[in-house]
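Undergrad: Following this message is one structure expressed as structure tokens.
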Amino acid sequence: MYKRLAIVLAALTLSGCDNNEVGDVSLGMFTTKDIKIEVLADPLVPGVTCHMSNVVANLNLADPSDMAISCRQTGEITSAMIAAIDKSKSGDVVFKKSKSIFLKSLKIRRIYDEQSQSLLYLAYSTKETTGSYKHAMSTVPLWGTKAYQTPTQP
């Protein structure tokens, strides 16, 4: 019995590991919740790096929905990269992670704001919790990159 319990606990611990994880902060000795920090590179705009933190409940069936995101330019951003992205109002999902067995997931969308020439990264939970959907946003301006287009004068 103890051997079986050890195998289950090891599997749960390993399933929480992520190649993108760069930080892990315990929320206390008497809780099974941690704040995990992951690094994410935008697949179509590799000059953007996002760091996302979210609460993970190691022994629960569902993780809390709280998250934060911060994105910055960490490399070259070109006009070709911007041309390749979805420019619709709803943007494009660049990251998705399951947060429970109850169909809750955490997603990050990239949305292009043409007027301000900025990339918006929206992290959100797909399931309502405590009366609202949790979300967080970060922006990356294209100013100073090869993708920035000088506005034309009227």
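The values are calculated or read from the model by the stated rules, or taken from the named source; none is laboratory data. Fair warning: this is a prediction, and the values are worked out from it, not measured in the lab. Cβ atoms come from the backbone with ideal geometry, glycine included; neighbour counts cover every protein chain shown. The protein model used for the area step is the full one, side chains on, heavy atoms only, and it has no ligands, DNA or RNA in it. Shrake-Rupley method; radii C 1.70, N 1.55, O 1.52, S 1.80 Å.
Undergrad: Taking amide H positions as placed in the peptide plane 1.01 Å from N, state which residues far from K146 in sequence (5 or more) or on other chains have amide H under 5 Å from it.
TA: Long-range HN contacts for K146: I77.
Undergrad: Accessible area, 1.4 Å probe, largest first: how do I37, I77 sort?
TA: Accessible-area ranking of I37, I77, largest first: I37, I77.
Undergrad: Could you put T74, T150, T32 in order of accessible surface area, largest first, with the 1.4 Å probe and the full protein assembly present?
TA: T150, T74, T32
Undergrad: Using only the Cα atoms, what convex hull volume per residue in Å³ does region 65-117 have?
TA: Measuring per residue, one finds 116 Å³ for the Cα hull of region 65-117.
Undergrad: Ok, one more. At 7 Å along the Cα-to-beta-carbon direction for both I37 and A68, put a label point, then send me their distance in nm to one decimal.
TA: If labels sit at I37 and A68, their model points lie 0.9 nm apart.
Undergrad: How big is the accessible area of T139 in square angstrom, nearest 10, if you roll a 1.4 angstrom probe over the protein chains?
TA: The value for T139 is about 70 Å².
Undergrad: How would M137, M52, M81 rank on accessible area, largest to smallest, probe 1.4 Å?
TA: So the residues, ranked largest to smallest area, are M137, M81, M52.
Undergrad: Taking amide H atoms as placed 1.01 Å from N in the peptide plane, list the residues 5 or more away in sequence, or in a different chain, whose amide H sits under 5 Å from that of T74.
TA: For T74, whose amide H was placed from the backbone, the distant partners under 5 Å are V48, T49.
Undergrad: Whole-Hz ³J(HN,Hα) for each residue in region 113-126, computed from phi via Karplus 6.51 cos²θ - 1.76 cosθ + 1.60 with θ = phi - 60°, x for glycine and proline: what do you get?
TA: Calculated HN-Hα couplings, in order: 9, 5, 4, 9, 6, 9, 9, 9, 10, 10, 9, 8, 8, 8 Hz.
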